[in-house]
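Notes follow the structure.
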Amino acid sequence: MKTTLFFYFLFFGFIGYSQVNTKIIEVDLGTPHKHSIRVCKDAVCDLVKTRWLSVKSKDMVSIRLINGDSSKYTYKIDTKSISLFNDTDGNKFKGAIADAERGMYSNNKMPRTIEDIFKESDSLSVVISSLDSKLLDFNKQEMLDSGVYVEKKDSLLESAKENYGLNNKLLSQLNQFKYDRKYAQVEKKINETKGKAENSIREVIQYFDTVNSNAYTLPIDLQGKNIDVLEFKIRRFDKKTNEEDTKFAPNPYNVWIKNGLKIDVSAGLFVTSLFDDEFDKYDDTAIPGNKIITLKNKGNYDLAIGTTINTYIRMNSWIVPTINFGAAFTQNEKIQIMLGGGVILGKQERIIFTAGLTMGKVTRIADSYNVGGSYNLGSSGDVPTQSQFKFGHFFGITYNLSKVKKISLDKGIEQN
């Protein structure tokens, strides 16, 4: 029974350990050129301090945008539009309207005529337009840096609510002129101003709320994909002109994948200790008709050209160890199988230095014959040879044929 419980514990412990997490890549749109990127997990965010942004292969990845300016711009990740204002049910807006209606706002003086009410509403319309223009001139990041962000936010929202409240007060005061022939015209004017005041409150909330609002892409599953990097590009469009600001973030963001096996192919030059023996002969002066067999000195190594399949664990580094398996052709056009290890240098372009065991068939002197012996080689005069399977060692340098393989948020998996 204890043994069974122990195995259950191990089994479910393993499942819990291999649980998939979602990593959030948080990009600060307010300072894109300061590399203000954080990786978040379980509501804890760490500023990226390494040279390369990376996530583990078992993680799912989501992109979050913060500090965007939704009052002026539309944002896209690749070709997908992103909404930065998350108050979808309008709770903040409804709360602000309720505050404005409860507020004790009053005009400086009571309107004496219906014409005074019309003029007051018209003046409020001009004030509201001025507030909207002032909003567009503010720079949120400068306010954040200077520490006056909250002060400006509260001040502008209070002004917008006051404008709404004052116009609402005028609508109430209009009731005393209900039977005036200009009543309908003035009521229409006040309602138009009320619409502008409502929209002004909404614009202020949206403008300032985008600093704290979040925009996510759906999580992307990287598990089991033979890729190197997740790529995405942030694009910004002017709301008025619909033109793209190509200088905003001209280069794509690369999120490098680490951990998990990666397999690719490389080709290059090898130096092998395994090659064919070649023989020479000369007359044996002691025994007429015999030849003394000698071994040609070809050195200790031969050149070969070949390819290897490289298997390695992704690392966020310029140098990655690898195990490789491949084949090479020697100068005598014989194939050799290679098994070894080495290091991969580089990220985008990769050079592999490798060494290990090589094996294959090579030419050796035939049995019953020895180098340095005297033999009658017959009319052909050829030294008898035979093919033998031998082991040796090799060194090599190869170039990765598989370019960086990317998965794009827009196009899926592609090879760069």
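The values are calculated or read from the model by the stated rules, or taken from the named source; none is laboratory data. Just so we're clear, the structure is a prediction, and the values are computed from it rather than from any experiment. Note that each Cβ is placed from the backbone with ideal geometry, even for glycine, and that neighbours are counted across all protein chains shown. These area figures cover heavy atoms from the full protein model, side chains too; ligands, DNA and RNA do not enter into them. Shrake-Rupley method; radii C 1.70, N 1.55, O 1.52, S 1.80 Å.
Of all residues in the range 291-340, those being part of a loop (DSSP other than H, G, I, E, B), under 40 Å from the mean Cα position of the chain (by Cα) and among the hydroxyl-bearing types (Ser, Thr, Tyr) number 1.
Yes or no: the range 381-393 includes at least one residue that is among the hydroxyl-bearing types (Ser, Thr, Tyr), within 29 Å of Leu303 (Cβ to Cβ), over 45 Å from the mean Cα position of the chain (by Cα) and not in a strand (DSSP E or B). Within the range 381-393, not a single residue is among the hydroxyl-bearing types (Ser, Thr, Tyr), within 29 Å of Leu303 (Cβ to Cβ), over 45 Å from the mean Cα position of the chain (by Cα) and not in a strand (DSSP E or B). State which residue pairs qualify: first residue open to solvent by less than 30 Å² (accessible area, probe 1.4 Å) and inside the range 193-206, second residue at pLDDT 80 or above and of a type in the set (D, E, K, R) in any location, beta carbons under 7 Å apart, and separation of 6 or more residues or different chains. Final answer for the pair search is Ile201/Lys161.
Does Val255 satisfy the criteria of being open to solvent by less than 20 Å² (accessible area, probe 1.4 Å), part of a strand (DSSP E or B) and either more than 29 Å from Leu345 (Cα to Cα) or out of contact with any Cys (no Cβ under 6 Å at 6 or more places or on another chain) (or both)? Spelling it out, Val255 is indeed open to solvent by less than 20 Å² (accessible area, probe 1.4 Å), part of a strand (DSSP E or B) and either more than 29 Å from Leu345 (Cα to Cα) or out of contact with any Cys (no Cβ under 6 Å at 6 or more places or on another chain) (or both).
How about the range 302-333: which of its residues are of a type outside the set (A, V, I, L, M), closer than 22 Å to Ile365 by Cα and touching a Leu at 6+ places or on another chain (Cβ under 9 Å)? Across the range 302-333, the qualifying residues are Asp302, Thr330, Gln331. Comparison of Glu151, Glu115, Glu101, Glu142 shows that the only residue that is more than 30 Å from Tyr73 (Cα to Cα), modelled with pLDDT under 85 and either surrounded by fewer than 16 Cβ atoms within 10 Å (Cβ to Cβ) or not β-branched (Val, Ile, Thr) (or both) is Glu101.
A quick yes/no check of all residues on (1) touching a Ser or Thr at 6+ places or on another chain (Cβ under 6 Å); (2) within 30 Å of Ser379 (Cβ to Cβ); (3) in contact (Cβ under 8 Å) with a residue 24 or more places away in the chain; (4) buried (at least 17 other Cβ atoms within 10 Å of the Cβ):
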position	(1), (2), (3), (4)
Thr294	no, yes, yes, no
Arg314	no, no, yes, yes
Asn324	yes, no, yes, yes
Ala328	no, no, yes, yes
Ile335	no, no, yes, no
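Among the residues of the range 341-380, the ones that are open to solvent by 70 Å² or more (accessible area, probe 1.4 Å) and part of a loop (DSSP other than H, G, I, E, B) come to 9 in all.
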